[in-house]
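Asker: Sharing a structure with you now.
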């Protein structure tokens, strides 16, 4: 077999050159490459001059024939008297950043998720590569990035608030390594935080939450006591917009034009004079045009977008909103991956949320691989439906022309690497084969047993609870917690004779006992599947090297345990309510305690995933809030114990546990120390055989 002739060697002695007086994005990218080189070769690299550099990072010259699209780069090998030199050239700053990071990926073996998956590149003595020139392919989507939303784990991970550079740098680095060029860096964080400044420093385009148009301060924060009405106080709103534009005009900004009320709700809730779709649409159109003109007065050829989210989408579809064609219109999925309107409480119209195939103007999508909605969304766990749903919906969006912009709700990053990686491929290539992608992803994450692990990932989506008739009606982790706490609250408030309308989205309109039983049965039916998947993972773990064991625990077993503990906990909660309705308070107490023990397993899973640098990563679990569920169930079991064991909390022990001979001869002064709840529940469970 003919041997491949290697023309270029990279090793610990490789010298680099970066542009003189490098701009901020290049400095950050060089620090990444420097760290990557040192990790792989065990020695820090040297920076040489033009004559003594082996790898040169620079801006492109005409003779490089670099691809002619924004943020492109090329690899060019040149041969001279001192040997071969690799030139990585780009037309602009972000292109050079992408070229430098592609060098790390392509030659040093640095994965985009190296930080978030604890996947450092393998140490090597040298890397030998063919000296083949390379042109970067043009990404399918012009603006592609993450909305770091509902980011409570990132907020609570370290002591400093708002989160510091230590938290944000790995987020933005991973996004850049995924080829992303745009970010909304957090949700309603204090303006003095470093998040937006750092994103700009690292070369990213920065955009804004649709509730904070132009990135301006919220009206009621700036003008306490004033009425948040553009109709009454236009000059105050415009002052905030002017200040925001002035602050950001020299940065890479994708300007969000919008008009919602304070607190991310329709503005007419605070201004009820706008009582018709025509009035509301006219106001939104007028405000968007005003913001558009204000930006254009300060910024040459700005990139602007409007989020067609919630009520704005409905008004636009009905023809009540007029938006200039060069503003990108952003269509959103429902939070569960389907490009239809989101569920609002019990209302779920599922209105298609995509442009018509021949609709004029520019279009893009806002897509959730993680969501928080107080119902059934996945916040701590992976996307609950099959990856093919994501591929199909994004593919359809691209087919109808919504490919100028893709914003992915990335949540807290770490739990969502698999689906974020799939979105990386989609926004880069415009298509993906989900089977090939899964095999490649697992192949990068794990060194052995890859086919078995890929099957475990496939089965994860098969195990999630199908709670409704649609393909995207699959339960995430919040399904086990928000409804459970609602049930406990409704029950203990003495309202069991009427249904809890907040649960109708899932159960339909039925009586409260039927609502509880509906959730109990759904969760009980799912337990065997989750148990089987957990046991398969645990059987596979000893066959893996330790780093792979940790990754499989963190990025799959963790998710399975949160689902399993939630299902088992909700099942026991339902059994407790049924025993209570039958008047069997001791048994209801036992089941409630068992529910608490099951839910506590979720807290244990969070703790076990907080090893090493991940210490305290889940301490700000304020959204799914497993700890709150445990506290609610603890309150329930204490309340149940009062239904017959009060006031001395000895009656159940005497009646069910104490030996028959002792019941008639014991002395109260030596036998009246009440058992703790856990111990009493264990003894009663043995007695009842449950």
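The values are calculated or read from the model by the stated rules, or taken from the named source; none is laboratory data. The structure displayed is predicted, hence computed values, not measured ones. In this analysis, Cβ positions are derived from the backbone assuming ideal geometry, glycine residues included, and neighbour counts consider all displayed protein chains.
Asker: Which condition number in (1) in contact with a helix residue (DSSP H, G or I) (Cβ under 7 Å, 6 or more places away or on another chain); (2) not in a helix (DSSP H, G or I) is the one that residue 574 fails?
Answerer: In the conditions (1) in contact with a helix residue (DSSP H, G or I) (Cβ under 7 Å, 6 or more places away or on another chain); (2) not in a helix (DSSP H, G or I), residue 574 misses (2) alone.
Asker: Since residue 647 meets every condition but one in (1) out of contact with any helix residue (DSSP H, G or I) (no Cβ under 9 Å at 6 or more places or on another chain); (2) assigned to a loop (DSSP other than H, G, I, E, B); (3) within 21 Å of residue 116 (Cα to Cα), which condition does it not meet?
Answerer: All conditions are met except number (3).
Asker: State all residues of the stretch 186-210 that are at pLDDT below 95 and either outside any loop (DSSP other than H, G, I, E, B) or more than 19 Å from the chain's Cα centre (by Cα) (or both); if no residue qualifies, say none.
Answerer: Answer for the stretch 186-210, where residues must be at pLDDT below 95 and either outside any loop (DSSP other than H, G, I, E, B) or more than 19 Å from the chain's Cα centre (by Cα) (or both): 190, 191, 192.
Asker: Considering 362, 449, which residue is more than 20 Å from the chain's Cα centre (by Cα), modelled with pLDDT of 95 or more and within 28 Å of residue 537 (Cβ to Cβ)?
Answerer: 449
Asker: Looking at residue 364, is it touching a residue at least 60 places away in the same chain (Cβ under 8 Å), assigned to a strand (DSSP E or B) and either touching a strand residue (DSSP E or B) at 6+ places or on another chain (Cβ under 6 Å) or buried (at least 19 other Cβ atoms within 10 Å of the Cβ) (or both)?
Answerer: yes
Asker: Among 439, 521, 458, 429, which is surrounded by fewer than 17 Cβ atoms within 10 Å (Cβ to Cβ) and closer than 23 Å to residue 637 by Cβ?
Answerer: One residue alone meets the criteria, 521.
Asker: Output the number of residues of the stretch 27-64 satisfying the condition of being part of a loop (DSSP other than H, G, I, E, B) and in contact with a strand residue (DSSP E or B) (Cβ under 6 Å, 6 or more places away or on another chain).
Answerer: Of the residues in the stretch 27-64, 5 are part of a loop (DSSP other than H, G, I, E, B) and in contact with a strand residue (DSSP E or B) (Cβ under 6 Å, 6 or more places away or on another chain).
Asker: Could you list, in sequence order, the residues of the stretch 248-291 that are under 32 Å from the mean Cα position of the chain (by Cα), surrounded by 15 or more Cβ atoms within 10 Å (Cβ to Cβ) and over 20 Å from residue 327 (Cα atoms)?
Answerer: Matches in the stretch 248-291: 261, 264, 266, 267, 268, 270.
Asker: Let me ask another. For the stretch 435-445, indicate whether the set of residues that are in a strand (DSSP E or B) and out of contact with any helix residue (DSSP H, G or I) (no Cβ under 6 Å at 6 or more places or on another chain) is non-empty.
Answerer: no
Asker: Against the condition within 30 Å of residue 303 (Cβ to Cβ), touching a strand residue (DSSP E or B) at 6+ places or on another chain (Cβ under 9 Å) and surrounded by fewer than 20 Cβ atoms within 10 Å (Cβ to Cβ), how does residue 138 come out, does it pass?
Answerer: In short, no.
Asker: So for the stretch 215-232 (the condition being under 20 Å from residue 407 (Cα atoms) and assigned to a helix (DSSP H, G or I)), does at least one residue qualify?
Answerer: The answer is yes, given that some residue of the stretch 215-232 is under 20 Å from residue 407 (Cα atoms) and assigned to a helix (DSSP H, G or I).
Asker: With respect to residue 294, determine if the residue is farther than 19 Å from residue 353 by Cα, modelled with pLDDT of 95 or more and either in the same structural domain as residue 249 (by TED's automatic domain parsing) or crowded, with 17+ Cβ neighbours inside 10 Å (or both).
Answerer: Against the criterion (farther than 19 Å from residue 353 by Cα, modelled with pLDDT of 95 or more and either in the same structural domain as residue 249 (by TED's automatic domain parsing) or crowded, with 17+ Cβ neighbours inside 10 Å (or both)), residue 294 qualifies.
Asker: Since residue 324 meets every condition but one in (1) part of a loop (DSSP other than H, G, I, E, B); (2) within 22 Å of residue 473 (Cα to Cα), which condition does it not meet?
Answerer: In the conditions (1) part of a loop (DSSP other than H, G, I, E, B); (2) within 22 Å of residue 473 (Cα to Cα), residue 324 misses (2) alone.
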